[in-house]
Each structure stands twice: as structure tokens, then as C-alpha cells.
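One structure is given here, and the rest of the page talks about it.
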Amino acid sequence: MAREVAVPLELEEERPERGRPLRRILLLARQHPLGVFGLLCVGLLFFCGLFAEVISPYDWNDIDFAHAKEAPSFAHPFGTDRLGRDVLSRTIFGARISLLVGLVAVTFGITVGTFFGVISGYFGKFVDSVIQRCVDVVLAFPPIVLLLAIITVIGDEDSAVRKFLANSTPMPEGTFLGVPVFLDIFVIAVGIGIAVSVGTARVVRGAVLAIKENVYIEAARAMGASDARIMRKHIFPNVAALVVVLGSVFLPIAILAEAAISFLGVGVPDPTPSWGADLTGPNREDALRGVWWPVFFPGLALSLVVLGFNLLGDAFRDISDPRLRGGLGGGSGPPRGGL
Amino acid sequence: MRDYIIRRLLLIAPIMLGVSFLTYATFNIIPGDAAVLTCQFNCTPETLHDIRHELGLDQPFYEQYGNWLGGIFQGDFGKSFFGGLPVTTELGRRLPVTGELMIMTMFFALILGIPPGVLSAIRPGTVVDWIARFTSVLWLSVPSFYLGILIIAFGVIWFGWTPPQFGVRGTVSFFHDPWLNLQTFFFPAIVLAVGISAVIMRLTRSSMLEVMRNDYIRTAWSKGLRERTVVWRHALKNALIPVTTIIGLQIGALIGGAVIIESVFKLNGVGVYVLEAILRRDLLVVQSMVLIFAATYVLANLLVDLGYAWLDPRIRYG
């Protein structure tokens, strides 16, 4: 599709659809229906996360023993759990927890990782060796094990990291954005962020190694720019795109990580609705006795969100690099003429 | 090749030393006194002092680290703060469970990953391809613990079936009662395997597509070879080389997955042991087990790298 053919100005009037962005988007959407589905899932996550209070029919912590363990009905589309809490509202609110943890973790991890990655790649030699050996050591831990270890250490009631976050950062105390103990969630997010930062540092460093060989870096240095200025003004803008992509790759991973550690019982603490935590404990025991809805729907939401991110990522990759798509070139059977 | 092996082995040593130090340091900045945790009810200053001495907590930091590391070299991973059972005793009982789970998982992951990947690559754009790709994305997205819970819950609701439970006894060995043993491990292994198989399938597919474009495949076709020969003999061998690398990386996911899936299916393996230790703040156990996990991961990746060099003679490590 030769979109970039130079069209004489007067001809442009005759075929307005050519450059219309909306039409192009619709065309892309028709070619990638799964990508659209992914976009919908991710959009729904953000929508639920932002407007959780507005769209959820009940409060996520409305205990109502008279209506405990009710099967899905019109009043409670996803049913109610053992305390009579509305599962739909908890699932919607779980989106906010997931999103909060995911975004904080990714922002923190990406920032720290980029910082060390740029420094490591730019200075090279001794600095690089030290940072990269540290990265090696951290990457030697299997991811979930690393996360469990980090959370065990910083999640402790009186751990130094927790105290630091509580006292030295503008951390809202108690309820914030409808989350009962915001600090708990923040600490978990930082823990996941630490794991994210290590991967980021490695990838960013690789990119910086290539960028710093460019002539414009040499030119900047010749003009007397300081190291800090070169890194800030010349290297960082060139890795920024990569960093954004990394962030979007790590977001579903961070969401999944939060669910996994909450499921294992070391993540988001009890009354807060977390998709991972809702799959375990009493809900799980109930599920074995036939009350499947309190675990089914939060898990479904989690799966759909991760599926959405994966489908969206696949679609983006297809669009940006059509060579990786199935239909072209590959295929079995003796090469036939024209195919 | 031999030099390469030796060099890789030498590189492992500093990394493992770093890993052990990081593990030790991490778990020892946690505030809280292990002695207080251990003595529980009859805490007098004297008993506390005794326990501290017994656990070696009255020694300086570096000496404690040295003792711990020295013990590990002699096969002594320390004792639990609670109940005082040595880590090695627990390992002896639980490693077979986790080991069998991981081996079965890898087996299923390869079975469910490679054939669909190949089929999807040799028939791109067909229904087979579409189904294989969609299921792989699906399996990639459904968390293993959710899938496990669903299987357990709907197994009970629809079929009245529960996975066999063994409590603290661990599990029944394969040689003792193969049928019961397979019943125990089939679903945990499948649940853990589908996620890994999705990764393997996707990589097999793209690597196969790449290989099928090569000239030597064209030559094989023009010799008039059957499709089966071209695909399985000529293409797959080369397509599988990158797949071995990803299998190495997936061992990390496998270890983490074992922690999760053991707790879902209540298997008494190493993963559950660590988790219980974390929840009880039994730090010495956590510390030793984290080190063991990391060592396994590093060694597995080393083996895969060596296997890679052996499988692909084109790769020469200077």
C-alpha cells in the first residue's frame, strides 16, 4: 500500500479518504481484529481503574450476611462472596489495585533502571563492570523467588524501606484513592519495581552502548558538554522510545506479579480487593464447595487483562514489522510459481 | 569447546558468591530478632542469651556469613528456627516431589509446544495456524494459579473429583503406586506446562518460518523429498536450536511456577516449604532455599548454554 506517493495538491480533494487518520485506523482495525479486542481489554482495565467508585454498583467492602454466597443474579451480576460482598464491585475495584501497583512498579522500575543503565553504558569500564555484575547477580534469581525475597524483606512491618517510604516520601497515610492502607500497596509496587529495574538496566545499557558511538556525542563532547549534560540531552532522548516500549512490556508482567504474590499470601493484605488475593484463602475453600463465582470472576478479569496486553503487543509487532507475520515467505510445500 | 566450558565454570564462581552474599545480606537487614521468634513463650534473658549463642547470633556479621557459607559447602544448610529440623532433611523429603513435577512439566511443555509450533509454521494462514497461535496467546495469558484453581473447583463441582492429598507425608512414589502418582502430578504439571509450552510454541513457529526460507530447504524440495523428510529431518533440527535457549530461560519460570502450583495443589514440595518459611519468617530456611533456587537456575542455564554450543557447530566461542 503505497501511502507515501506524492499526490499533487489539487488531486487531494478528489480522494479525501486517503489521508484521513480515522479511516486508516479503521483499516488497521479490520486487519487486526484480535488487536482491537486486546485494546478493548486494556481500555476496560484503565476505565475500571479510573472510575471504580462511579461504575461499581456497591461498595467493595459492603458486608451483608443476609445475602452471602448468592449465585450471580440481576442484583449481583457476579454473585456475592462469603461475607455478602458484591463480587462485581470487588472485581472492578481490583482493576484499580492492579493498575496502581502496575503503574507505580513500572514507573519506579523504569526510572531507576534507566538511570543505572545510562550510567553503566555511558561510562563503561569500571562503572559498567560493577553495575553489570550486580545485575548478573540479581538476574541469577528466578523471578518469582526474587520477588518473594524482596517482598519478605521490605514488606516487613518495621522494615527500613517501609519506614522510609512512610516518612520521607509524600505518602498519603491511611486511605487514599479508596485503598485502605495505601502504604502496603506502595511497598509491594516498589518491590516489583526493583525487579523491573534490573531488567531495564540491562536493556537500556545495551542501547546506550550503541548510541554513544555516534558522531554527535563526540561533537557534543568537543563543544565542552559535561558528562551529565550529554547523558541528559543527547543519550536519554534517544533511549526514551525504547524505555516507553519497555514500560508497556513490563506493565502486564507487573500486574501478573502482583496477582501472583497476593495469591501466595504475601502481597496485598486481606480486605483490599486484589485479583490475586481473591483467588485464595476462604474464597478458594468456598469454590471447592460449589461457590465458584468469587474466584472465577477476579481470575477471569486478570486473564483478560493479560490477554489484552499480549494481543495488543502482537498486533503492534505485526504492524511495525510485517515480516514476522505468518503469511509471507514461509510455508511448506515445494515452492510454487507465483506464491 | 573445553576451554569454553572451563571459562564458563570459572565465571559461575564469582556470580554464586555474589548471589550468596546478596541473599545473606538481604535477609539479615530485616529487623527482628530470630532468638525472640524461636523461644516463643518461655523467654527469659538467660534463655534468649543461650539461644543467641546457639544460633551464632552473638558473632559479628561477617563471621555469621562465613559460617553459613562454610556450612553449605559441607552440605549443611542450617536448621529451621521452628522445630529445629535441618533444611537438608526437609529437602530430602521434598525434592523428589518438586523434581518430578518439574520433569513432567518440561515433558508436557515440549509435547504441547513443539508439534503445534511446527504445524503452524508449515501451514501459515490456515485454520491450524490460527488455532495454534490463538491458543498459545491464551495459555500465555491465563495465570497458572487461576487455571489450577479452576481445575480443582470445577473438578469437584462437575465430577466430584479432587486431586489426591497426602498432607505432611509428601507424596506416593512413582515406583510404589504409579497410577496414584500420575494422578497426583498430571494436573499440576499440565497447568504449569501450558504457559511454558506457549512460549516454546511461539518460538518454534517463528524459528521454523525462518529456517523454511533457507536455500538448503529449497534444495531439499527440488530433490523431490517428501514433505515429512524436509520438515522433520532438514528444517526442525536447525529450528530447534534457538528453542533450547528459551528452555533454559524458562527454567526460572519453572522454579517460580513450582512455588505457586505446589501451593495450589497442596503438593508438599520445596516451593511450599519456602512459602511456609516466608509466612513464618523462618529466615534461615528462606535464605538457604533462595540460594539453592538461584544455584539451580544458574547451573541449568550453564548446561543449556553448553548444550547450545554442542548442538550448533557454527557457534564458536573464542
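The values are calculated or read from the model by the stated rules, or taken from the named source; none is laboratory data. Bear in mind that the values here come from a model prediction, so they are computed numbers and not experimental data. For neighbour counting, all protein chains shown are included, and Cβ atoms are generated from backbone atoms with ideal geometry for every residue, glycine included.
Would you call residue B:247 more than 11 Å from chain A (Cβ to nearest Cβ), touching a residue at least 40 places away in the same chain (Cβ under 8 Å), crowded, with 21+ Cβ neighbours inside 10 Å and under 15 Å from the mean Cα position of the chain (by Cα)?
Taking the combined requirement at face value, the residue satisfies it.
The conditions are (1) modelled with pLDDT under 85; (2) out of contact with any Asp or Glu (no Cβ under 9 Å at 6 or more places or on another chain); (3) crowded, with 19+ Cβ neighbours inside 10 Å, and residue A:136 fails exactly one of them. Which is it?
All conditions pass for residue A:136, except number (3).
If the Cβ limit is 7 Å and pairs must be 6+ apart or interchain, which residue in region A:132-154 that is facing another protein chain (nearest Cβ under 8 Å) pairs with which residue that is surrounded by fewer than 24 Cβ atoms within 10 Å (Cβ to Cβ) and aromatic (Phe, Trp, Tyr)?
As it stands, the answer is A:153/B:27, since those pairs meet every condition given.
Looking only at region A:281-292, count how many residues are buried (at least 20 other Cβ atoms within 10 Å of the Cβ) and either out of contact with any Lys or Arg (no Cβ under 9 Å at 6 or more places or on another chain) or hydroxyl-bearing (Ser, Thr, Tyr) (or both).
Going through region A:281-292, the residues buried (at least 20 other Cβ atoms within 10 Å of the Cβ) turn out to be A:283, A:287, A:291-292.
Okay, now just the ones that are also either out of contact with any Lys or Arg (no Cβ under 9 Å at 6 or more places or on another chain) or hydroxyl-bearing (Ser, Thr, Tyr) (or both), so A:287, A:292.
Residues meeting the conditions: 2.
Report whether or not residue A:115 is more than 14 Å from chain B (Cβ to nearest Cβ), in contact with a Ser or Thr (Cβ under 9 Å, 6 or more places away or on another chain) and surrounded by fewer than 19 Cβ atoms within 10 Å (Cβ to Cβ).
Values: more than 14 Å from chain B (Cβ to nearest Cβ): yes; in contact with a Ser or Thr (Cβ under 9 Å, 6 or more places away or on another chain): yes; surrounded by fewer than 19 Cβ atoms within 10 Å (Cβ to Cβ): yes.
Considered against the rule, which asks whether it is more than 14 Å from chain B (Cβ to nearest Cβ), in contact with a Ser or Thr (Cβ under 9 Å, 6 or more places away or on another chain) and surrounded by fewer than 19 Cβ atoms within 10 Å (Cβ to Cβ), residue A:115 comes out as yes.
Could you tell me which of the residues A:179, A:196, A:208 is modelled with pLDDT under 85 and away from chain B (no Cβ under 14 Å)? Give the derivation first.
Values: A:196 fails: modelled with pLDDT under 85; A:208 fails: modelled with pLDDT under 85.
It is A:179.
Test residue B:296 against the stated conditions and say whether it is hydroxyl-bearing (Ser, Thr, Tyr) and either in contact (Cβ under 8 Å) with a residue 60 or more places away in the chain or in contact with a His (Cβ under 6 Å, 6 or more places away or on another chain) (or both). Spell out the reasoning first.
On the way: hydroxyl-bearing (Ser, Thr, Tyr): yes; either in contact (Cβ under 8 Å) with a residue 60 or more places away in the chain or in contact with a His (Cβ under 6 Å, 6 or more places away or on another chain) (or both): no.
No.
Tell me the residue from B:288, B:263 that is part of a helix (DSSP H, G or I), more than 23 Å from residue B:109 (Cβ to Cβ) and not aliphatic (A, V, I, L, M), please.
After applying the criteria, what remains is B:288.
From the residues in region A:264-279 that are without any contact (Cβ under 8 Å) to a residue 40 or more places away in the chain and surrounded by 20 or more Cβ atoms within 10 Å (Cβ to Cβ), which one is farthest from the chain's Cα centre (by Cα)? So that I can check it myself, show each step before the final result.
The initial filter retains those residues of region A:264-279 that are without any contact (Cβ under 8 Å) to a residue 40 or more places away in the chain, namely A:265, A:270, A:276-277, A:279.
When the remaining residues are screened for being surrounded by 20 or more Cβ atoms within 10 Å (Cβ to Cβ), the result is A:276-277, A:279.
On the way: A:276: 15, A:277: 18, A:279: 20 Å.
Ranking the qualifying residues of region A:264-279, first place goes to A:279.
Would a scan of region A:76-88 turn up a residue that is within 30 Å of residue A:199 (Cβ to Cβ) and buried (at least 20 other Cβ atoms within 10 Å of the Cβ)? Walk me through how you get there before you give the answer.
Initial filter on region A:76-88 (within 30 Å of residue A:199 (Cβ to Cβ)): none.
No, region A:76-88 has no match at all.
Anything in region B:266-293 that is closer than 20 Å to residue B:103 by Cβ and surrounded by 24 or more Cβ atoms within 10 Å (Cβ to Cβ)? List them, or say none.
Answer for region B:266-293, where residues must be closer than 20 Å to residue B:103 by Cβ and surrounded by 24 or more Cβ atoms within 10 Å (Cβ to Cβ): B:267, B:269, B:270, B:271, B:273, B:274, B:289, B:293.
So for region A:279-293 (the condition being closer than 21 Å to residue A:49 by Cβ, more than 14 Å from chain B (Cβ to nearest Cβ) and not acidic (Asp, Glu)), does at least one residue qualify? Show your work before the answer.
The first filter runs over region A:279-293 and keeps only residues closer than 21 Å to residue A:49 by Cβ, leaving A:279.
Next, from what is left, pick out any that are more than 14 Å from chain B (Cβ to nearest Cβ): none.
Within region A:279-293, none of the residues are closer than 21 Å to residue A:49 by Cβ, more than 14 Å from chain B (Cβ to nearest Cβ) and not acidic (Asp, Glu).
Residue A:304 is checked against (1) surrounded by 23 or more Cβ atoms within 10 Å (Cβ to Cβ); (2) at pLDDT 90 or above; (3) of a type in the set (A, V, I, L, M) and fails just one. What number does that condition carry?
Result: residue A:304 fails condition (1) only.
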